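Working notes, structure below.
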Amino acid sequence: MKRRMVKTLLIVGGGIEQVRAYELARELGLVVVGSDVDPSAPALRHAHHVLVASTRDAGATVAAARRFHKTVRRIDGVMTLANDVPLTVARVAAALGLPGNTVRTGEIASDKLLMKRVFEAAGVPVPPYRPVASPDEVREAIEAWGYPVVVKPVDGRGARGVLRLTPEVDVDWAFARAREISDRGEVLAEKFVPGLQLSTESMVYRGRCYTASWSERNYENLARFAPYIIEDGGVLPATLSPRMAAAVDDVVARAARAMGVTDGPVKGDIVLGPDGPVVIELAARLSGGYLCTDQIPLARGVDLVRQTIKVRLGEPLDPSDLAPEHRCYIGVRHFFPPPGRVTSVTGFEELLEEPWVVKAGLYTGPGDVVEPTSDHTKRAGFVFTRAETAAAAERLAVRAVERVRFEVEPLGTDPDG
Ligand SMILES: Nc1ncnc2c1ncn2[C@@H]1O[C@H](COP(=O)(O)OP(=O)(O)OP(=O)(O)O)[C@@H](O)[C@H]1O
Ligand SMILES: [Mg+2]
């Protein structure tokens, strides 16, 4: 049989944050297959072939991929980015015999309770946790650990239904809210670990974990958004002592190993607690928020999207491509307009002309309704700035956000009445 030279890559999900992976795959000369429930999803314009299947529906994605693989072209690799569907990707890889996480790893990555059990069994530090089946069990957890306690759906994403309980928060309401958001109707309680919050981005290659970047996540608005836990940007790279950086990298590596990730990207949510780094969770995928496509290449000189494409095609990586170097600091802030109907937005276009703004996006415009901020999907946009110091990068990001004005009229006011 003649050896086929051009490889085919399936990218699960065709959202705006995925465009870069499609473009890069084309630049690398690959045949690109994209899948999404919405055939007009923005990244699919860059695909050679489209499979219509919900990224959250593993069965449908596997069926579509299998059909394509058999009847159109052999698929050589499958990946995603900025899309929390590790089980879908793992199941496609297993069904077609492609490099990737095992289905077991995909299952662990999609269940916050199972993940904590796996980490605990492997000696990876996690917050005290317990599954809770009723508000009374949440009260028992509060009794045991003291306030604050976090409740969350075991299968949530984007911080939906993640609530920080303090004495003012109604426990019955919080439990019901977290449960309502869980597809499985299952809720997890955890002790809230105080300390610096980090997001880490790493590549595991042949069992070794190479951390490219740590971002410091800004939670100074915890009180404003309470009881919701809303991140308002941050700065990258985080300022860590070499000892702390090594300790963080070590827990990420151990967490990845415990989950069974031997090759592929992992994204950690880590808190530097009073007793050292604690793993809130580890996602077995590339992160969203344009971290891997924009922020990390600029600040750290590592292209995790390119490395993921290679590793998912079963190609060898060069560890020197995974070693970060310091290039600059990136400051990040989000837009949080007040709730209501937006009548005008001013100052955004001007921002894009500033040399220190590296990227900015706006999801909300005139006529849109802004809901109270209850999770990360409610953010109205973002700005990334670049500077020589962490403080300057953050200051610029704060200033940039202040320069954009949202005029909003309250909802439920009847202009004729
Ligand atoms: N036990 C905890 N202690 C301290 N902070 C926590 C705890 N649990 C959650 N958080 C904070 O809330 C954020 C969201 O929680 P979690 O990651 O469990 O939910 P998620 O829906 O996966 O959100 P995201 O998609 O933003 O990661 C965490 O990244 C962390 O910053
Ligand atoms: Mg998370």
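Here, each number is a calculation from the coordinates, and none is a lab measurement. Everything numeric here is computed off the predicted structure, so don't read it as measured data. Because the Cβ atoms are built from the backbone with ideal geometry, glycine has one as well, and the counts that use them run over all protein chains shown.
Available extension along the chain between Glu27 and Thr343 is 109.7 nm, counting 0.36 nm per residue and deducting the alpha carbon span. For the chain, compute Rh as the Kirkwood radius over C-alpha pairs and then the Stokes-Einstein diffusion coefficient at 37 °C and 0.692 mPa s; write the answer in µm²/s, rounded to an integer. Stokes-Einstein gives a translational diffusion coefficient of 147 µm²/s.
As a size descriptor, the averaged projected area of the C-alpha convex hull of the stretch 71-150 was calculated at 7.9 nm².
Pairs of Cα atoms in the stretch 85-132 fall into 5 Å distance bins, from 0 up to the last occupied one, in shares of 5, 23, 24, 16, 15, 11, 5, 2 percent.
Summarised in one figure, the compactness ratio Rg/Rh of the stretch 128-191, Cα atoms and Kirkwood Rh, is 0.92.
Extension gain, Asp250 to Arg206, is 14.2 nm, computed as 0.36 nm per intervening residue step minus the present C-alpha separation.
Here the Karplus curve 6.51 cos²θ - 1.76 cosθ + 1.60, taken at θ = phi - 60°, turns the phi angles of the stretch 328-343 into couplings of 6, 9, 10, x, 10, 9, 10, 8, 10, x, x, x, x, 9, 6, 9 Hz, with x standing for Gly and Pro.
Rounded to the nearest 0.05, the FRET efficiency derived from the C-beta distance between Glu137 and Met5 at R0 = 51 Å is 0.30.
In this calculation the C-beta distance from Ala121 to Asp275 is compared with R0 = 30 Å, giving a FRET efficiency of 0.95. Computed from the Cβ-Cβ distance with R0 of 30 Å, the FRET efficiency linking Arg395 to Trp173 stands at 0.20. One Cα centroid belongs to the stretch 65-138, the other to the stretch 9-63; the line between them spans 19 Å. Relative contact order for the chain: 13 percent, from Cα pairs under 8 Å spaced at least 6 residues apart, divided by residue count. In this simple spin-label approximation, Arg184 and Ala323 carry label points 7 Å from Cα along the Cα→Cβ vector, and these lie 4.1 nm apart. May I ask for the Kirkwood hydrodynamic radius of the stretch 371-411, worked out over all distinct Cα pairs and given in angstroms to one decimal? After inverting the pairwise mean of 1/r, the radius is 12.2 Å. Here the extension length gained between Arg73 and Glu353 equals 96.4 nm, from 0.36 nm per residue of separation less the Cα-Cα distance. Take the alpha-carbon centre of the stretch 178-220, take the same for the stretch 376-406, and report the distance between them in whole Å. What the calculation gives is 22 Å, centre to centre. Among beta bridges from DSSP that stay inside the chain, the antiparallel ones total about 80%.
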